[in-house]
Amino acid sequence: MTQLDVLYRYGVPPTEASMLAIARVREVYGVRAITLDEREKTVRVEYDATRLNEAMIHQLLRRAGLDIVEKVVLYTTPPPPAEVPAAPPAAK
């Protein structure tokens, strides 16, 4: 099992019907957890990447009626290390 998280920002707060549909998304095999943050207007989904992918999670949330605005980047890759210039030859 490969556990991944994806975080989305939504626009319009979910309605009661949307919240019930989102709760049913939790029952999909491979979805481990769904966390809504009303203050930040985000939803985080923890899922099994051997069963689902990010596009499937996005589709499930959209079908549930959630107004997804953007995917939030959870981490960034560090830039490659800068090359160290070669030392000049020693003077004799």
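The values are calculated or read from the model by the stated rules, or taken from the named source; none is laboratory data. None of these values were measured; they are calculated from a predicted model. Every residue, glycine as well, gets a Cβ built from its backbone with ideal geometry; the counts of neighbours run over all protein chains shown. These area figures cover heavy atoms from the full protein model, side chains too; ligands, DNA and RNA do not enter into them. Shrake-Rupley method; radii C 1.70, N 1.55, O 1.52, S 1.80 Å.
Numbers for the structure displayed
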quantity	calculated
DSSP bridge pairs, the chain: antiparallel proportion in percent, nearest 5	100 percent
GluC sites (Glu not before Pro) within the chain, DSSP loop, no more than 10 other Cβ atoms inside 10 Å	E27, E38, E83
Residue among T77, T15, T35 with the largest mean-square fluctuation in a Gaussian network model of the chain, springs linking Cα atoms under 10 Å	T77
Inter-label distance, nm, simple model (7 Å from Cα along the C-beta direction), L74/A90	5.1 nm
Neighbour-limited loop hits for chymotrypsin sites (Phe, Trp or Tyr not before Pro), region 6-92 (at most 10 other Cβ within 10 Å; DSSP other than H, G, I, E, B)	Y29, Y75
Rounded to the nearest 20 debye, dipole of the chain from Cβ charges on Lys, Arg, Asp, Glu	120 debye
Theoretical ellipticity at 222 nm over the chain - DSSP helices of four or more residues, -39500 (n - 2.57) apiece, nearest 500	-6500 deg cm²/dmol
For the chain: accessible area per residue (Å², 1.4 Å)	76 Å²
Selected from V25, V43, V73 as most flexible by GNM, with the chain as the system and alpha-carbon contacts under 10 Å	V73
